[in-house]
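Asks: Sending over a structure as structure tokens; questions will come in a sec.
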Amino acid sequence: MKFFLCFFIFLGFIFPPASFASHIELSECVEIAHCVREEWDVNSIEQPFNEIKEIIENSPRSVIVKQDENYLHAEVTSKWMKYVDDLEVSFVPEFSKLIVRSESRVGESDLGVNQKRVDLLKLKLF
């Protein structure tokens, strides 16, 4: 019994819970034909994470499926074909940066939809 307790305590140090992290690191884009990842400096915005959350909540066909203090994951469904894209935002308060990633789940190309989505978020935020 002591072995298992020590083992789980040890694992807690190696893999700390997400609450210890100030943000979630978003993956780089592997296939740029249907993925966009950008980092934005948000020094001039008082509550950048709350503002971008509100923008996403008010975007058509967008549903936030996971959220914590500095991270959110939304699913955005296309109007015609009903494809689902993943939109992730991670806020790094120590550096006043927002990291935004939008990626299609299927297909070889997104015809620029993810870049347009990220550009529109940026336009509304700034």
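Asks: Contact list please: Cβ distance under 6 Å, first residue in the stretch 53-82 and free of Cβ contacts under 8 Å to residues at least 40 places away in the same chain, second residue part of a strand (DSSP E or B) and among the charged types (D, E, K, R), pairs at least six apart or on different chains.
Replies: If the second residue must be part of a strand (DSSP E or B) and among the charged types (D, E, K, R), the pairs left are VAL63/GLU75; VAL65/GLU75; HIS73/LYS66; HIS73/GLU88.
Conditions tested, residue by residue: (1) in a helix (DSSP H, G or I); (2) at pLDDT below 95; (3) not charged (D, E, K, R).
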residue: LYS53; (1), (2), (3): yes, no, no
residue: VAL100; (1), (2), (3): no, no, yes
residue: SER109; (1), (2), (3): no, yes, yes
residue: VAL118; (1), (2), (3): yes, no, yes
residue: LEU121; (1), (2), (3): yes, no, yes
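Asks: Would you call PHE91 at pLDDT below 90, at negative phi and not polar (S, T, N, Q)?
Replies: Judged against the criteria, PHE91 is not a match.
Asks: In this structure, does LEU72 turn out to be part of a strand (DSSP E or B), at pLDDT 95 or above and touching a Ser or Thr at 6+ places or on another chain (Cβ under 7 Å)?
Replies: no
Asks: Here is a further query. Out of the residues in the stretch 83-117 meeting the condition of being within 13 Å of the chain's Cα centre (by Cα) and surrounded by fewer than 18 Cβ atoms within 10 Å (Cβ to Cβ), tell me which one is nearest to HIS23 (Cα to Cα).
Replies: The qualifying residue nearest to HIS23 (Cα to Cα) is VAL92.
Each row is one residue, and each column tells you yes or no for (1) hydrophobic (A, V, I, L, M, F, W, C); (2) more than 17 Å from GLU103 (Cα to Cα); (3) surrounded by 15 or more Cβ atoms within 10 Å (Cβ to Cβ); (4) in contact with a strand residue (DSSP E or B) (Cβ under 7 Å, 6 or more places away or on another chain).
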{"residue": "ALA33", "(1), (2), (3), (4)": "yes, no, no, no"}
{"residue": "ASP41", "(1), (2), (3), (4)": "no, yes, no, yes"}
{"residue": "PRO48", "(1), (2), (3), (4)": "no, yes, yes, yes"}
{"residue": "GLU69", "(1), (2), (3), (4)": "no, yes, no, no"}
{"residue": "THR77", "(1), (2), (3), (4)": "no, no, no, yes"}
{"residue": "MET81", "(1), (2), (3), (4)": "yes, no, no, no"}
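Asks: Here's a follow-up. Take ASP85 and decide whether it is in contact with an Asp or Glu (Cβ under 8 Å, 6 or more places away or on another chain), charged (D, E, K, R) and in a loop (DSSP other than H, G, I, E, B).
Replies: For ASP85, the condition - in contact with an Asp or Glu (Cβ under 8 Å, 6 or more places away or on another chain), charged (D, E, K, R) and in a loop (DSSP other than H, G, I, E, B) - is not met.
The values are calculated or read from the model by the stated rules, or taken from the named source; none is laboratory data. In this text the structure is predicted, and so the values were computed from the model without any measurement. With ideal geometry, Cβ positions are generated from the backbone for all residues, glycine too; neighbour counts draw on all protein chains shown.
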